[in-house]
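This report refers to the structure that appears directly beneath it.
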Amino acid sequence: MPPIDLLITFFVSTALFAFVPGPAMLYAAARTLAGGRRAGLMAALGVHVGGYAHVLAATMGLSVLFHAVPLLYTMVKLVGAAYLVLMGWRLVVGRAAESEGDTNLREPRYAFIQSIFVELLNPKTAIFFLAFLPQFVSADAGTPLWLQFLVLGAITNVMFSVADVVAVVGASGILSSLRASPSLGPWLRRAAGSLLIGLGARLALERS
């Protein structure tokens, strides 16, 4: 593996990137406000699972395709943005009459599956791994470069997921304090939906 001083720099840098509030944390918080803590945790898990696809892509050098073919990057980005906007719109206009039991049974499962696709359709994650990980691999280490990419990528993914869980716990605390007023439920879902729409618009309009 890389030298210890390089590993220390890697852990510090990853922690700084992970715990600065960003789209992934806002997404996890929005899913928590929409469906509760279980849905938020399953959303964080879905993003985590999807993140490993980007780790593998960076390990195999596939992420470089987004640099080589800008049109591919734009297409994937716009599909991902549209998916976020669609989920947000459904929350905003969804029926508030859905039973609490039905929501508890369905929302976590859907949050997990949808979040995998959200992460897979976010090419910025692939670009991040491609730009970030090479700074911390060493050709002089006794470990193959592909294995260094894989291990460091997995560690990065775990640390970002820990930050997402922190966002879920924080949003869950806010949700618990607001549940004393049942009339706020539909408004929370609309707020969460608006946040997802905003994240989708940000992804679509952001330059590569």
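The values are calculated or read from the model by the stated rules, or taken from the named source; none is laboratory data. Note that the structure is predicted; figures quoted are calculated from it, not measured. Cβ sites come from the backbone with ideal geometry, for glycine too, and all protein chains shown count toward neighbours. These accessible areas exclude ligands, DNA and RNA; they are computed on the full protein's heavy atoms, side chains included. Shrake-Rupley method; radii C 1.70, N 1.55, O 1.52, S 1.80 Å.
Do we have L152 as of a type in the set (A, V, I, L, M, F, W, C) and closer than 24 Å to V76 by Cβ here?
It is true that L152 is of a type in the set (A, V, I, L, M, F, W, C) and closer than 24 Å to V76 by Cβ.
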Out of everything in segment 127-157 that is open to solvent by less than 50 Å² (accessible area, probe 1.4 Å) and among the small types (G, A, S), what residue ends up being farthest from F19 (Cα to Cα)? A141
Which members of segment 1-30 meet the condition of being open to solvent by less than 30 Å² (accessible area, probe 1.4 Å), among the aliphatic types (A, V, I, L, M) and in contact with a Phe, Trp or Tyr (Cβ under 8 Å, 6 or more places away or on another chain)? A18
A82 versus (1) open to solvent by 70 Å² or more (accessible area, probe 1.4 Å); (2) small (G, A, S); (3) within 19 Å of the chain's Cα centre (by Cα): which is the lone unmet condition? (1)
